[in-house]
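Asks: Sharing a structure below in structure tokens format, with a few things to ask.
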Amino acid sequence: MGDNLHFDALVIDGHCDSIGDQLTGERWLGERSETGHLDLPRMREGGVDAQFFACYVPVPYQRHAAVTHAMARLDQLHLLAERHPDQFVLAGRARDIREAKAAGKIAGIPGLEGAEALDGELGVLRQFYRLGIRNLGLAWNFRNAACDGVAESRTGGGLTEFGVQVVQECNQLGILLDVSHLSPAGLQDVLAHSRDPIIASHSNARALCDHPRNLTDEQLLAIAGEGGVIGVTFVNSFLNREEPEKATLDTVIQHVEYMLDLLGDDHVAIGSDFDGCHPPQELDDVTKYPSITRKLQDRGHSEETIRKVLGGNFLRVFEAVCG
């Protein structure tokens with residue numbers, strides 16, 4: 001019964017780094033691979049209908065050639081859509097996701113992970129929007145022209161003046177703001193300056209795992225209070241900091257249930273971080289996604305709640321921001 005619900009539901013994953021493997025030539029995401037965590041054939045097998053793809057800029061490129069590197073990753077997403085139009089489309093609006101599901105295709109939502117890729121220019125942000133970017137993770141741990149990441153938390157820094165302008169421009173354009181990796185002060189600043197709901201695409205509950213990348217109850221409640229969504233992630237050290245290798249599917253479910261109890265069922269989702277993490281063994285690639293649905297059903301959660309966690313909540317906030 002769980003598999004029937006899983007494949008009928010709209011399943012949206014809030015974060016992956018998989019397009020980087022295609023850029024390096026390690027593998028082509030249109031073909032099934034035995035390496036990595038995610039590709040189109042395995043996504044169909046795992047029942048994932050829509051995926052946020054991060055155009056992440058690795059540390060060596062963050063100070064030099066960040067725009068170029070992000071553009072190169074975005075180009076790979078466009079190539080995937082151009083070469084597999086019968087399987088994969090890029091989604092700019094919620095209706096694109098719904099139409100892809102109805103047609104048996106997978107929808108890709110392009111995003112930037114880190115404002116380094118903007119090179120301090122709002123015009124670059126607008127150009128990325130024109131090329132399909134619909135999600136902006138403001139930081140990747142460190143400091144950039146827009147904000148301080150979580151690794152800079154000692155400074156107490158949040159958004160810069162440019163960062164405030166970026167938030168406002170994202171609201172104007174219809175780009176979803178993502179606060180995973182952002183400093184605590186930065187998260188507060190985004191909530192203060194954004195008129196739209198925001199997401200933390202791949203962050204867990206600090207109360208269950210005391211890792212700086214996880215969110216406190218106060219932060220979780222603040223995001224939810226503005227209509228936002230938090231994606232529970234598979235990063236094993238965000239599930240069990242002391243013994244990451246002991247993280248399991250049950251640990252993931254514990255974080256989902258903790259947030260459901262704290263926030264209600266309108267604000268919890270899944271953001272795997274596939275191909276950017278070491279996941280639990282029982283969730284070692286995207287084909288294992290149905291096990292989440294089965295486990296939630298076995299634990300007595302309603303069909304309505306499960307559908308919201310699997311994708312309904314991300315779709316709601318994506319539609320509210322991007323149309």
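The values are calculated or read from the model by the stated rules, or taken from the named source; none is laboratory data. From a predicted model like this one, the values you see are computed outputs, not experimental measurements. Methodologically, a virtual Cβ is constructed for each residue, glycine included, from the backbone with ideal geometry; neighbour enumeration extends over all protein chains shown.
Asks: Give 227, 186 a once-over and let me know the one that is of a type outside the set (Lys, Arg) and on the phi > 0 side of the Ramachandran plot.
Replies: When all the criteria are applied, what remains is 227.
Asks: Residues being acidic (Asp, Glu), surrounded by 21 or more Cβ atoms within 10 Å (Cβ to Cβ) and assigned to a helix (DSSP H, G or I): count how many of those fall in the stretch 257-290.
Replies: 0
Asks: To continue, here is another question. Output the number of the condition that residue 81 fails; it satisfies all remaining conditions of (1) out of contact with any Phe, Trp or Tyr (no Cβ under 7 Å at 6 or more places or on another chain); (2) of a type in the set (Gly, Ala, Ser); (3) under 24 Å from residue 103 (Cα atoms).
Replies: Unmet for residue 81, out of (1) out of contact with any Phe, Trp or Tyr (no Cβ under 7 Å at 6 or more places or on another chain); (2) of a type in the set (Gly, Ala, Ser); (3) under 24 Å from residue 103 (Cα atoms): (1).
Asks: Also: Taking the condition of being of a type in the set (Lys, Arg), under 21 Å from residue 196 (Cβ atoms) and out of contact with any Cys (no Cβ under 6 Å at 6 or more places or on another chain), how many residues in the stretch 124-180 meet it?
Replies: Of the residues in that region, 2 qualify.
Yes/no per residue for (1) of a type in the set (S, T, N, Q); (2) in contact with a Lys or Arg (Cβ under 8 Å, 6 or more places away or on another chain); (3) more than 21 Å from residue 128 (Cα to Cα):
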| site | (1), (2), (3) |
| --- | --- |
| 161 | no, no, no |
| 190 | no, no, no |
| 206 | no, no, yes |
| 209 | no, yes, yes |
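Asks: Is one or more of the residues making up the stretch 56-68 part of a helix (DSSP H, G or I) and modelled with pLDDT of 95 or more?
Replies: To start, the set of residues in the stretch 56-68 that are part of a helix (DSSP H, G or I) comprises 59-62, 66-68.
Those still in the list that are modelled with pLDDT of 95 or more too: none.
There is no residue in the stretch 56-68 that is part of a helix (DSSP H, G or I) and modelled with pLDDT of 95 or more.
Asks: For residue 293, all conditions in the list (1) outside any helix (DSSP H, G or I); (2) over 20 Å from residue 176 (Cβ atoms); (3) touching a residue at least 40 places away in the same chain (Cβ under 8 Å) hold save one; what is the number of the exception?
Replies: For residue 293, the exception is condition (1).
Asks: From the set of residues in the stretch 292-323 that are over 18 Å from residue 260 (Cβ atoms) and not aromatic (Phe, Trp, Tyr), which is surrounded by the most Cβ atoms within 10 Å (Cβ to Cβ)?
Replies: So, considering only residues that are over 18 Å from residue 260 (Cβ atoms) and not aromatic (Phe, Trp, Tyr), the one surrounded by the most Cβ atoms within 10 Å (Cβ to Cβ) is 321.
Asks: Sticking with this structure for a sec: Going by the structure shown, is residue 253 in contact (Cβ under 8 Å) with a residue 40 or more places away in the chain and buried (at least 23 other Cβ atoms within 10 Å of the Cβ)? Steps first, answer last, please.
Replies: Working: in contact (Cβ under 8 Å) with a residue 40 or more places away in the chain: yes; buried (at least 23 other Cβ atoms within 10 Å of the Cβ): no.
Criteria not met by residue 253.
Asks: Inside the stretch 231-243, can you point out the residues that are surrounded by 19 or more Cβ atoms within 10 Å (Cβ to Cβ) and free of Cβ contacts under 8 Å to residues at least 40 places away in the same chain?
Replies: Residues satisfying the conditions are 232, 238.
Asks: Restricting to the stretch 142-160, and then to whatever is buried (at least 19 other Cβ atoms within 10 Å of the Cβ) and hydrophobic (A, V, I, L, M, F, W, C), can you tell me which residue is nearest to the chain's Cα centre (by Cα)?
Replies: Checking each candidate, the answer is 150.
Asks: Could you count how many residues in the stretch 68-85 are in contact with a strand residue (DSSP E or B) (Cβ under 6 Å, 6 or more places away or on another chain) and either surrounded by fewer than 17 Cβ atoms within 10 Å (Cβ to Cβ) or farther than 22 Å from residue 118 by Cα (or both)?
Replies: 2
Asks: Related question: Which residue, of 65, 100, is among the aliphatic types (A, V, I, L, M), over 18 Å from the mean Cα position of the chain (by Cα) and surrounded by fewer than 17 Cβ atoms within 10 Å (Cβ to Cβ)?
Replies: 65
Asks: If you don't mind, there's one more thing I want to ask. May I ask you to list the residues in the stretch 161-180 that are surrounded by 17 or more Cβ atoms within 10 Å (Cβ to Cβ) and either modelled with pLDDT under 95 or of a type in the set (Gly, Ala, Ser) (or both)?
Replies: 163, 180
Asks: Select from the stretch 227-256 the residues that are in contact with a His (Cβ under 8 Å, 6 or more places away or on another chain) and assigned to a helix (DSSP H, G or I) and write down the one among them that is nearest to residue 199 (Cα to Cα).
Replies: My answer is 238.
Asks: Let me ask something additional. Could you list all residues from the stretch 80-94 that are in a helix (DSSP H, G or I) and touching a residue at least 12 places away in the same chain (Cβ under 8 Å)?
Replies: 80, 81, 83, 94, listed by residue number.
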